[in-house]
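A short write-up of the structure that comes next.
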Amino acid sequence: MSFIKFLGTAGARFVVTKQLRSSGGLWLSVGKTNLYIDPGPGALVRCLNSKPKLEPSTLDGILLTHRHLDHSGDVNVMIEAMTEGGFKKRGVLFAPREALEEDPVVLKYVRSYVEKVEVLKENLDYRVGEIQFSTACRHQHRAETYGINFKIKPRSVSLVTDTKFFPELPNLYRGEILVIHVVRLKPVGDDPIDHLSVEDVKTILKKAKPKLAILTHFGMTMIKAKPWVVAEELGKELGLRVIAASDGLKLDLEEV
Ligand SMILES: [Zn+2]
């Protein structure tokens, strides 16, 4: 079975540090290939507490869209879990250069546990097992950040991770399922944190017209506004299927 499971739907610092929502990121399974995306704080615990349990030693890869803590807090322990303490060399780590150099979030000693480290760059194709994907252009975010287009069956999936809105953005992600990080309810004039608001998401969805849009990675203003209400209103206004992810949501790709 191919599926996406949301092991966290928290975005930005307050929702993460207070754990108002979990911050474990996403588990993507396609056929026999398992990829963990953005293992934020709590990823390992969320995997093991998941029902049915998601076993990290079955992972074929771990992908970081960028180095911020809400996306990478558990990356080291997840690498250890994937490789059974480093004793079974396994898997591919995908990460932007910035997450690996200067002030790296991936410890050097765990890097030898994985079979391969692949550096994410703009507009390139990658593959792990049955999961093929490509990056779009670099996002406008304070860290080096890439969103992903997964060319997978039975449904293509795009992940619009953290970014400030920019004019090309609505053209970059054309997956049938669009997972989109919406941190803010309303735009903030000169947002120093560079995140999308509901207005930005509306602009993207009008152009992209996915079969299903899934909102996630909620900041405080979104939590207060009840993401499921925001999603329902957006869906009605745009005539599209829009849902809000909740912690533990599992989406069977065959059923979309
Ligand atoms: Zn984030």
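A short reminder: the numbers here are calculations on the coordinates, not readings from a lab. In this text, all values refer to a predicted model and were calculated from it rather than measured experimentally. In this analysis, Cβ positions are derived from the backbone assuming ideal geometry, glycine residues included, and neighbour counts consider all displayed protein chains.
Alpha-carbon geometry of the chain: the Rg and the Dmax are 16.7, 52 Å, given in that order.
How much length is gained on full extension from K153 to E115, taking 0.36 nm per residue of separation minus their Cα-Cα distance?
Details: separation 38, 0.36 × 38 = 13.68 nm, distance 2.51 nm.
Working it through step by step, the gained length comes to 11.2 nm.
Here the contact order of the range 154-256, divided by its residue count and restricted to Cα pairs under 8 Å and six or more residues apart, works out to 27 percent. Kindly express, to the nearest 10 degrees and within the range 0 to 90, the angle between helix 227-238's C-alpha long axis and the longest C-alpha principal axis of the chain. The angle comes out at about 60 degrees.
For the pairs K51/K202; K211/K236; K121/K202; K53/K116; K5/K151; K164/K209, flag any whose C-alpha to C-alpha distance is greater than 23 Å. Those over the limit are K51/K202; K121/K202; K53/K116. If both residues of a DSSP beta bridge must be in the range 104-256, then about 45% of such bridges are antiparallel. Mean separation of Cα pairs under 8 Å and 6 or more residues apart, divided by the residue count, gives the range 65-120 a relative contact order of 42 percent.
Taking label positions 7 Å along the Cα-Cβ direction at both N171 and E199, the computed distance is 2.3 nm, reported to one decimal. Across all Cα atoms of the range 38-86, the radius of gyration (one decimal) and Dmax (whole number) stand at 10.2, 29 Å.
Between K89 and L48, the FRET efficiency estimated from the beta carbon spacing at R0 = 22 angstrom works out to 0.50. From helices alone, the chain scores -6000 deg cm²/dmol at 222 nm; the rule is -39500 (n - 2.57) for each run of n ≥ 4 DSSP H residues, then divide by the residue total.
Taking amide H positions as modeled 1.01 Å from N, with prolines and chain starts lacking one, the residues under 5 Å from F94 and 5 or more places away or on another chain are I62, L63, L64, E118. Sequentially through the range 97-111, phi angles give Karplus couplings (6.51, -1.76, 1.60; θ = phi - 60°) of 3, 4, 6, 10, 10, 6, 10, x, 9, 9, 4, 5, 6, 7, 5 Hz, Gly and Pro residues having no value and appearing as x. Once the gyration tensor of the Cα atoms in the range 188-247 is diagonalised, the equivalent ellipsoid follows with semi-axes of 19, 15, 10 Å, ordered largest first.
What's log10 of I(q)/I(0) for the range 1-118 at q = 0.14, 0.16, 0.22 Å⁻¹, Debye sum over Cα points only, no solvent? Reported log10 I(q)/I(0), two decimals: -0.51, -0.67, -1.25. Taken along the Cα-to-beta-carbon direction at a fixed 7 Å, the label points for E237 and V77 span 3.9 nm. Semi-axes of the equivalent ellipsoid of the range 111-247 are 26, 18, 14 Å, computed as sqrt(5λ) over the eigenvalues of the C-alpha gyration tensor in descending order.
Between K207 and L249, the modelled labels are 2.3 nm apart [label points 7 Å from Cα along Cα→Cβ].
When both bridge partners sit in the chain, DSSP labels roughly 50% of those beta bridges antiparallel. Convex hull volume of the C-alpha atoms in the range 53-169, normalised per residue: 112 Å³.
Computed extension length for S57-A225: 56.7 nm, one decimal, from 0.36 nm per residue of separation with the Cα-Cα distance subtracted.
Relative contact order of the range 41-140: what whole-number percent is it, with Cα pairs under 8 angstrom and at least 6 residues apart? RCO, the range 41-140: 23 percent.
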